[in-house]
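The values are calculated or read from the model by the stated rules, or taken from the named source; none is laboratory data. Because the structure is predicted, anything quoted here is derived from the model rather than measured. All Cβ positions, even for glycine, are placed from backbone atoms using ideal geometry, and neighbour counts span all protein chains on display.
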């Protein structure tokens, strides 16, 4: 039991750090990278030599933070795309954080667990359907917004990452439902004489 508590506490801190860093990554890519003169600095050298890279994927191509000089309108559209994706991941991670908090305190089975599993699955389902599609669409507009009229692209796609996320979300939601049904059966058994 002590091992479960310790590992849960470590994972809880990891997810807590992720909850803080997730929105900072989008802000850095779209806003801070334009405001901070990092070219010619040590960090700029790391980006130029591809040792450290922050990038987005749109229209089948990867765009690095130092590769394109986005206009402020493009940056705002791209940030909206990241928010569309990240909000669902952030909420799902928050539920994972709360689930790990239960494990870290030694509470291994309760109704809260089942509800947290269901919520994690539901938000991953929203991420796989709505978040990825909207995010990729906004990113395609952001990277082509500086193109002349007629060459700007709005791409809507649904592919393997979406299907993979749908399968994972379905399995997690199913675990939540099974756990909830287990609690209902257990409470019925407790009432039986």
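Can you say whether residue 76 is surrounded by fewer than 21 Cβ atoms within 10 Å (Cβ to Cβ) and either in contact with a strand residue (DSSP E or B) (Cβ under 9 Å, 6 or more places away or on another chain) or closer than 22 Å to residue 56 by Cα (or both), as far as the supplied structure shows? Considered against the rule, which asks whether it is surrounded by fewer than 21 Cβ atoms within 10 Å (Cβ to Cβ) and either in contact with a strand residue (DSSP E or B) (Cβ under 9 Å, 6 or more places away or on another chain) or closer than 22 Å to residue 56 by Cα (or both), residue 76 comes out as yes.
For first residues located in the stretch 68-79 and in contact (Cβ under 8 Å) with a residue 40 or more places away in the chain, partners that are part of a loop (DSSP other than H, G, I, E, B) and crowded, with 18+ Cβ neighbours inside 10 Å and lie 6+ apart or on another chain with Cβ distances below 7 Å form the pairs 78/70. The residue that is nearest to residue 34 (Cα to Cα), among those in the stretch 97-114 that are at pLDDT 85 or above and surrounded by fewer than 20 Cβ atoms within 10 Å (Cβ to Cβ), is 97. So is residue 54 modelled with pLDDT of 80 or more and in contact with a helix residue (DSSP H, G or I) (Cβ under 7 Å, 6 or more places away or on another chain) or not? No, not satisfied. Residues of the stretch 19-32 that are surrounded by 12 or more Cβ atoms within 10 Å (Cβ to Cβ), at pLDDT 80 or above and either farther than 30 Å from residue 142 by Cβ or out of contact with any helix residue (DSSP H, G or I) (no Cβ under 6 Å at 6 or more places or on another chain) (or both): 23, 27.
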